[in-house]
Amino acid sequence: MNNRVLFETLNSDTTQVEELELETFFDTTSQSGIGKLEDFTDALQSDSALQSAENIEDIGSINEQVPEYLYYEENEKMVNEIFLNTVAVGIDTLTDDQKEFIETMALSCPSVNGIAVFKARPFYTMIIDSLTYFNDSLCSAVSEQKRSEEKVRIINCYPNPTSKNTLVDLGDIAEQETEMVIYDFLGREQQRLQISAGIQFYQLQFDAKPPGIYCIQLLRNNVPFASCNLVLMQ
C-alpha cells in the first residue's frame, strides 16, 4: 500500500488514525500534495461544487496549494486546472497548450506520470475518440499506441457535448441484454442500469448531474466491452 492509498483509507475513516498510531503520518500528509489533492476531490464531490463561479474559484484555490516540486502531484494538479478552466465553466474545446499536455499524459505510462494519466484520458477523447490504451506497451521501453475496436468498442452519444440529456446508440449491441455503468471525472460510479435486449437507442438523463466528463461503459459479465465519453456542460 503506497502513501496515497494509505492516506485516502485513513481519511475515509479517521478512527483508524489513532488505532494504528499514524497521527504524525496523517497530519503531515494532510498538508502535503497528496492531502491537497484529496481536499480537491472532496470539494468536487459537493452537489453545489460547480454551480457558481465562486465555488469553482474556491476549488481552484485548493488545487493551487499542491506543491509544484512534486512530479506526480504536479501532473494531476495541471489536469485538474484544465478541467476547471474548460468543462467546469462550459468550454468544450482545448487550447493548443492544453492539447499538448493532455496528449502527453494520456499516451504515457501511469507508473511514470501517475494518476494524471487516467484523468487525462477522458479529455483526450475530446481530440481523438477512438483510441484504446495498452498500458503494457506504454510502460515498455518502446511505447506503442494502437487504434482498435477489438478490446473496447467506441459507441456514439448524441448530442455530445450536452447540457441535459443524451441518446446512446447501442447499434447491434442491442441484440443482447447489457449492463450500463456511468462514471464521473474522478472515476466514481454514478449510475448502473440494466438495458434490455432489443433497445437500440437509450436516453440518459443528466439534468440532475453536475457538469463534467462522464464515461459511459457497457459491460457483460462485469467486463467492459464498449464505451463513450460524454462532456456535460452547464
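The values are calculated or read from the model by the stated rules, or taken from the named source; none is laboratory data. This structure is a prediction, so every number in the text was calculated from the model and none was measured. Cβ atoms come from the backbone with ideal geometry, glycine included; neighbour counts cover every protein chain shown.
Points to keep in mind about this one:
- Top-ranked residue of segment 1-58 - restricted to ones that are exposed (fewer than 14 other Cβ atoms within 10 Å of the Cβ) and touching a residue at least 40 places away in the same chain (Cβ under 8 Å), ranked as nearest to residue 79 (Cα to Cα): 45
- Residue 84 being in contact (Cβ under 8 Å) with a residue 12 or more places away in the chain, under 16 Å from the mean Cα position of the chain (by Cα) and more than 23 Å from residue 188 (Cβ to Cβ): no
- Scan of segment 84-108 for residues that are assigned to a helix (DSSP H, G or I), surrounded by fewer than 21 Cβ atoms within 10 Å (Cβ to Cβ) and not hydroxyl-bearing (Ser, Thr, Tyr), ordered by number: 84, 85, 89, 96, 97, 98, 99, 100, 101, 103
- Inspection of segment 185-201 finds no residue satisfying the criterion of being part of a strand (DSSP E or B), of a type outside the set (D, E, K, R) and modelled with pLDDT under 85.
- Residues in segment 162-184 that are more than 14 Å from residue 219 (Cα to Cα) and either among the polar types (S, T, N, Q) or in a strand (DSSP E or B) (or both): 7 in all.
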